[in-house]
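Down below is the structure, laid out as structure tokens.
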Amino acid sequence: MCNPYNAVSDQITSRWLGHLHHKTGYQLLQRRLSQWLIQITQTIDAPDMIWVDGGELFGPACLNQLKTFKCPIVLYNVDDPTGKRDGSRFKSLLQALPLYDMVVVVRSETEQECWKLGATKVLRVLRSYDEVAHHPFENRLAIPAQFRSEVAFIGTWMKHEKRDELLVTLVKQGIPVSIWGSRWQKSPYWHLLKDSYRGGALGGREYVAAIQGSKICLGMLSKGNRDLHTQRSLEVPFAGGLFCAERTTEHQQLYKEGVEAIFWSDADECALLCKQLLQDDTSREQIRQAGMRRVRELSVGNEDVCKTIVWAALNQHTYSNQKL
């Protein structure tokens with residue numbers, strides 16, 4: 001696996017240069033990245049397929065260099081590269097869209113917009129959980145005490161997303177909330193949330209422990225990213241948590257409401273549902289177990305999704321070559 005971020009790490013890890021490159025869509029790094037790819041194409045054997053994860057660093061010159069391998073090139077992006085939240089961050093990627101053999105995205109708006117921008121093939125998939133990294137503890141008693149909670153939210157504070165406002169409403173209504181994640185000290189409501197704060201961003205088994213160790217695990221969307229479901233929508237039930245999230249069309253397609261997951265439309269409804277569930281151990285466990293079964297039935301683990309993408313890319317490439 002070749003990591004382009006390592007090739008320009010001195011640029012993108014710099015506070016000021018990193019901000020500049022993010023704002024300019026990595027246009028100023030294209031020459032350097034193209035040279036890096038030339039070295040790679042000259043030193044490794046030709047692969048059967050190239051998978052570009054994210055793709056924000058690669059513009060047309062980079063894609064043209066990768067095309068010298070004469071194999072399918074797939075872009076997999078779970079962000080919202082055609083949306084407006086991130087400004088010009090994806091400028092290089094969008095210019096390169098027509099050069100990919102297949103573009104894989106996770107939302108319907110992105111799918112349609114990629115077609116309009118010249119993508120030759122677009123595949124929409126659901127987000128996914130990792131079968132190994134997110135596997136629940138076999139024995140829930142093994143979950144460390146510091147990761148046990150009543151109602152958990154695991155995620156970053158984001159300006160304009162109003163996650164803090166929802167959590168403040170829960171706290172004010174007596175819901176015992178535990179928060180893990182980055183940047184919460186920046187919230188204007190930090191003085192009301194600091195007693196609920198349990199620590200920074202979680203990963204690995206700690207992330208699973210906090211999900212499975214909660215009685216209810218909240219899932220919040222990124223409105224700026226036009227989310228109707230997120231990674232948490234799949235990771236939480238797979239890892240053994242009771243998923244409690246905003247009511248959307250995609251969430252309702254994934255899970256039967258009130259049976260396999262809990263959905264709400266605003267903070268007051270969320271608080272009411274949390275109060276009811278915290279007082280009903282039997283219902284809570286039934287919903288949790290049903291959600292775990294359902295997410296496995298969906299076949300949306302990383303391996304399942306990757307198999308779908310690889311099959312589609314290789315068959316598309318074969319068909320295209322036959323036409324030529």
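Compared with the dominant Cα axis of the chain, that is its longest principal axis, helix 281-297 is turned about 20°. Surface exposure of the chain, expressed per residue as accessible area with a 1.4 Å probe, stands at 49 Å².
Distance from the Cα centroid of region 173-243 to that of region 1-48 is 32 Å (rounded to whole angstrom).
Using a 1.4 Å probe on the protein chains only, how many percent of the accessible area of the chain belongs to carbon and sulfur? The C+S portion of the solvent-accessible surface of the chain is 51 percent. Across the chain, the relative contact order, built from alpha-carbon pairs under 8 Å that are at least six residues apart, equals 14 percent. Students often get this wrong, so try it: which of (1) 17; (2) 22; (3) 32 is percent of Cα pairs over 38 Å apart as calculated from the structure shown? Read-out taken from this structure: (2). Rolling a 1.4 Å probe across all protein chains gives residue 91 an accessible area of roughly 100 Å². Compared with the dominant principal axis of the Cα atoms in the chain, helix 30-43 is inclined by about 70°. Axis angle, to the nearest 10 degrees, between helix 267-278 and the longest C-alpha principal axis of the chain: 60 degrees. The local environment of residue 277, defined by Cβ-Cβ distances under 14 Å, has a net charge of -3 under the rule Lys, Arg +1 and Asp, Glu -1.
The values are calculated or read from the model by the stated rules, or taken from the named source; none is laboratory data. Fair warning: this is a prediction, and the values are worked out from it, not measured in the lab. Using ideal geometry, Cβ is built from the backbone for each residue, glycine included, and neighbour counts are taken over all protein chains shown. Accessible surface areas use protein heavy atoms only, side chains included; no ligands, DNA or RNA. Shrake-Rupley method; radii C 1.70, N 1.55, O 1.52, S 1.80 Å.
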